[in-house]
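The values are calculated or read from the model by the stated rules, or taken from the named source; none is laboratory data. These figures come from a predicted structure and were not determined experimentally. Neighbour counts are summed over all protein chains in view; Cβ atoms, including those assigned to glycine, are modelled from backbone coordinates with ideal geometry.
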Amino acid sequence: MLVSNSSTIILTAKISLLSIFLNTAKKIAITNVVYREILKKDSFENLVIKKEVENGRIKIESIEPKFYSNIIKQFRLDEGEASTFALCINKKYNGILTDDKELIKLCKIEGTQFITAMTVVIRLFNKKVINKNEALEKLERLQSYGRYSNDIHNYFRNMVR
């Protein structure tokens with residue numbers, strides 16, 4: 001199972017790929033902290049996420065602050081990102097869905113697999129779940145919503161052949 005922080009789950013919902021991704025991933029987990037972050041705003045993508053929680057395809061898991069308070073102190077992570085990392089490590093999940101730069105750094109340091117929203121697009125394209133035009137359109141939308149450099153955006157665009 002994968003664990004997601006709020007950024008990636010919101011981005012994939014925003015570009016209408018969350019439900020499609022869950023068809024292939026089956027289920028992902030989020031911490032109760034991340035779910036509270038998501039519920040702070042009323043938006044279309046947050047309604048999609050709530051629906052997937054209700055359908056049981058997104059599992060909300062609690063993790064006590066004692067498991068991630070040191071992570072917050074050592075790294076420049078918010079509570080949502082720190083709780084996501086701690087849940088992944090403590091439950092020995094497969095990896096983390098994140099687009100957060102600091103959490104990606106921590107994953108690299110600790111050797112924890114991470115997947116960005118752009119990687120989700122590429123995976124769905126490679127599995128032939130979405131076609132080339134859909135993949136390119138989703139990458140363009142992510143570029144407009146996310147904080148991706150042109151180099152990163154071009155890297156992923158070049159993976160769609």
*asked:* For the range 1-32, give me the residue count where each residue is β-branched (Val, Ile, Thr), crowded, with 22+ Cβ neighbours inside 10 Å and assigned to a helix (DSSP H, G or I).
replied: 4
*Determine whether Asp100 is charged (D, E, K, R) and closer than 20 Å to Val121 by Cβ.*
yes
*Could you tell me whether the range 130-148 includes any residue that is at pLDDT 95 or above, in a loop (DSSP other than H, G, I, E, B) and over 20 Å from Glu45 (Cβ atoms)?*
yes
*asked:* Looking for something more than 20 Å from Leu142 (Cβ to Cβ) and under 12 Å from the mean Cα position of the chain (by Cα) - is there at least one such residue anywhere in the range 13-30?
replied: yes
*Please verify whether the range 107-129 includes one or more residues that are more than 14 Å from the chain's Cα centre (by Cα), acidic (Asp, Glu), over 26 Å from Ser16 (Cα atoms) and modelled with pLDDT of 95 or more.*
yes
*Being touching a helix residue (DSSP H, G or I) at 6+ places or on another chain (Cβ under 9 Å), in contact (Cβ under 8 Å) with a residue 60 or more places away in the chain and in a helix (DSSP H, G or I), is that true of even one residue in the range 52-69?*
no
_Cβ contacts < 8 Å: first residue surrounded by fewer than 15 Cβ atoms within 10 Å (Cβ to Cβ), restricted to the range 122-139; second residue part of a loop (DSSP other than H, G, I, E, B), any location; separation 6+ or different chain. Result?_
Lys132/Val160; Lys132/Arg161
*asked:* Condition first: surrounded by 22 or more Cβ atoms within 10 Å (Cβ to Cβ) and under 13 Å from the mean Cα position of the chain (by Cα). Can you find one or more residues in the range 46-57 that meet it?
replied: yes
*Tally of residues being of a type in the set (Asp, Glu) and more than 14 Å from the chain's Cα centre (by Cα) across the range 58-106*: 4
_Of residues in the range 93-119 being assigned to a loop (DSSP other than H, G, I, E, B) and in contact (Cβ under 8 Å) with a residue 40 or more places away in the chain, the one surrounded by the most Cβ atoms within 10 Å (Cβ to Cβ)_ = Thr98
*Quick one: Arg76 ticks every box in (1) touching an Asp or Glu at 6+ places or on another chain (Cβ under 6 Å); (2) under 24 Å from Arg141 (Cβ atoms) bar one, so which box is it?*
(2)
